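Accompanying notes for the structure given below.
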Amino acid sequence: MPCLSHAPPPPTLLPASPLAPSGSCPGVLPIGKSVVPGSAVAIAKAASTLCTAAAQSGEVSLTVPCQPLSSAADLTVLPNSYQQMVRKTTAAIAFLSSLITYVSVNSLIRAINPAAFIWYDEDNDESRWIASSRSWFDRKACRWLGACGTAHFRLVRPYFGQRRPAPEAPISGDPAGSASWRAFWLNGANQSDHSWDETERPRREIPNYVSQYAPLVHLFSGEQFWPCDIAEHLYHTTPMLNYTPVQSRWDHPTLQDLDQLNQWQEGHYVFLTSDDNVEDRPPWIEGEKNIPSSPEDDLEQSWADWDGRVDGEIPGDSPAERAKWYDTNALPTIEEDIAPEDMGYLSAEDPLADEGVRDDLRKRYGGEPVRMQVTGGRSEAPAVLLVMDKGNGIVDAFWFYFYSFNLGNVVLNVRFGNHVGDWEHCLVRFHHGKPKALFFSAHSAGEAYSYEAVEKIGDRPVIYSAAGTHAMYATPGVHSYILPWGLLHDQTDRGPLWDPLLNSHAYTYDYDSDTLRASTTSPDAPTEWFYFNGHWGDKFYPLGDRRQYRFAGQYHYVNGPLGPRFKHLNRRKVCQGPDGDTCVIKNYIGETKRAKRWGSFGSGTESLV
């Protein structure tokens, strides 16, 4: 109850109380003042007494009606509310201060040392790329916060892009719609192999063992972008320099004259740009017609011959023996000088390098020996084979696979890394005709394996191509990379099995003279395309393009790739990285150990290997 008299006299101002500031109710404590917990009850009683005295004297304050405080809990309401408001205000100030500090430091570093923010080739065009946006807000958010093209962001859908109806699909190429690109492979400079003399012919011959151990490729069953023909790819692209065409759209580059584009700044900044919007999924980009045909007979199951964690070291793979082929430029002569870690062996501390034996055993094909049976199907998209003789009995066979589109991976429902054109490759290294190791490319890197460790059908290694990115792996499943907890990963499975040997164009290559020769198996194959110095796809789209965005420094669309000539063909070791780095060659595949296999079967005791 407000402490008011039943018959109040004319109101007069109450003198200021020692406990209350001017203009406040007697007995009301100043807001924001702390209350000592032990004296809360005493203060409450004192405030009630003051209120009662004021009522008896007939004096009423005109400020706020005073109400006696019944308990100590009433005293803590206002201070608690004030403290909550202070905490929220402090948090907001801290957030704004951190944001201002980040923007200021970021802007200062960019002004002092712009090179610190150049992580990819695309970052070299940072200022012009940001300026391409028409939105002032977008440009500022991109420069200050690193959130570029937020208005263009779209949630990831199971099926990329949206295929346009056939009648409305744009028609690339000349008005007649001729498929003359099919003839690009048949009009090479090498008219016939009959003109080769006894000196030239051996330079063009490919050893039979290269075909005997040619890899097979399991494409992903849910793939959206299948292998493509580079001749058809050229037919649907226009070479551009800084987003400007350097020749007419109807004047298609071909496999025979592609190297002529090097006249424009030596070709390094020329991009073979799609004539169609790639998000409309034109058929030449999807490559569905190139899905490998299914063999009539059942495919033989692939199997890995060796798991070093279970079977131990590969017979004959000693450091001294490996030194003969591991590095083409370093052939030690004293065995004592050879260190295992320098030969690409797994370190002894590696927990995956143990030789523990699992209890469960599995028979392999019922104990029957492996026989070469039906392999994969034929694709209309030809593979490219480059064979290099590196001396001392070492021969490298590079198998290149081309796709017209690379679908980037997804992180937290955001897709990054799309690009037009995609070159992947596998390397098989031979020593005196025997396969020793393989390298599978994946995202500008990859992994190397002993020949015995990878899965094979007969003698032929089996590769698994990842969905969208076409990165190459040794096993089916989910493959995480770069980010923890599987946030960024590839996926492979036993989809259509592709046999590139059934449709390929083979070459020999001499790195020292930079000479590519059509082999005796495909003498009319053109060679000029190999010397193109530019990119086999679009330049990364400007920020003003509705298809482009960038978060955390990662672009939705990046530059198209360079061709096979820039894949470190002269590598000394099988790995694609710098020659000075150690190239680890695994003698197992997968993360889980396989069971030991049965070596022989008979009436009596079975032996294990």
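Counting other C-beta atoms within 10 Å, and keeping those with at most 11, which DSSP coil trypsin sites (Lys or Arg not before Pro) do you find in region 485-570?
Numbers: sites: ARG494, ARG517, LYS539, ARG546, ARG547, ARG550, ARG565, LYS567; in loops: ARG494, LYS539, ARG546, ARG547, LYS567.
Those satisfying the criteria are ARG546.
Counting only the heavy atoms of the protein chains, how much of LYS88 is accessible to a 1.4 Å probe, in Å² to the nearest 10?
Spelled out: LYS88, probe radius 1.4 Å, area about 150 Å².
Using heavy-atom solvent-accessible surface (probe 1.4 Å) with all chains present, what is the largest-first order of VAL478, VAL411?
Numbers: VAL478 95, VAL411 25 Å².
The residues order as VAL478, VAL411, largest area first.
Using amide H atoms built in the peptide plane, which far-off residues or other-chain residues are under 5 Å from GLY421 H to H?
Hits under the 5 Å cutoff: PHE405, ASN406.
Say the cut-off is 26 Å between C-alpha atoms; which of LYS289/LYS567; LYS539/LYS586; LYS456/LYS586; LYS289/LYS434 go over it?
Details: LYS289/LYS567 28 Å; LYS539/LYS586 36 Å; LYS456/LYS586 16 Å; LYS289/LYS434 36 Å.
Beyond 26 Å: LYS289/LYS567; LYS539/LYS586; LYS289/LYS434.
Might you report the magnitude of the Cβ-based charge dipole of region 422-560 about its Cα centre, with Lys and Arg at +1 and Asp and Glu at -1, to the nearest 20 debye? Walk me through the intermediate numbers first.
Values: 11 positive and 16 negative charges, 63 e Å.
Here region 422-560 has a charge dipole of around 300 debye.
In whole Hz and in residue order, list the ³J(HN,Hα) couplings for region 410-425 that follow from phi through the Karplus curve 6.51 cos²θ - 1.76 cosθ + 1.60, θ = phi - 60°; x for Gly and Pro.
Working through the residues one at a time gives 10, 10, 6, 6, 10, 9, 10, x, 5, 7, 7, x, 7, 9, 10, 8 Hz.
Sort PHE220, PHE137 from largest to smallest accessible area, using a 1.4 Å probe on the heavy atoms of the protein chains. Don't skip to the end; give the middle numbers.
Numbers: PHE220 25, PHE137 135 Å².
These residues rank, largest area first, as PHE137, PHE220.
Sum up the charges of everything whose Cβ sits under 11 Å from the Cβ of ALA467, counting Lys and Arg as +1 and Asp and Glu as -1, but leave ALA467 out. Walk me through the numbers on the way to the answer.
Details: positive: none; negative: GLU223, ASP490, ASP493.
Result for the neighbourhood of ALA467: -3.
Rounded to the nearest angstrom and ordered from largest down, what semi-axes does the equivalent ellipsoid of region 429-475 get from its C-alpha gyration tensor (root of 5λ)?
Details: eigenvalues 87, 31, 11 Å².
Three semi-axes, in Å: 21, 12, 7.
Note the per residue figure in Å³ for the convex hull of the C-alpha positions in region 548-590.
Details: hull volume 6.8 nm³, N = 43.
Taking the convex hull of the Cα positions in region 548-590, it is 158 Å³ per residue.
If you rank MET240, MET472 by how much accessible surface each has, with a 1.4 Å probe, what is the order from largest down? Intermediate values should be presented prior to the final figure.
Details: MET240 40, MET472 5 Å².
Of MET240, MET472, the descending order of accessible area is MET240, MET472.
How long are the semi-axes of the equivalent ellipsoid of region 207-251, taking √(5λ) for every eigenvalue λ of the Cα gyration tensor, in whole Å from largest down? Mind showing how you got there, number by number?
Details: eigenvalues 235, 60, 16 Å².
Its equivalent ellipsoid spans semi-axes of 34, 17, 9 Å.
Once the whole set of protein chains is in place, how much accessible area is left on ARG249, using a 1.4 Å probe, in Å² to the nearest 10?
Approximately 90 Å² for this residue.
The values are calculated or read from the model by the stated rules, or taken from the named source; none is laboratory data. The model shown is predicted, which means the values in this text are computed figures rather than measured ones. Using ideal geometry, Cβ is built from the backbone for each residue, glycine included, and neighbour counts are taken over all protein chains shown. Note: areas computed on protein heavy atoms with side chains; ligands, DNA, RNA excluded. Shrake-Rupley method; radii C 1.70, N 1.55, O 1.52, S 1.80 Å.
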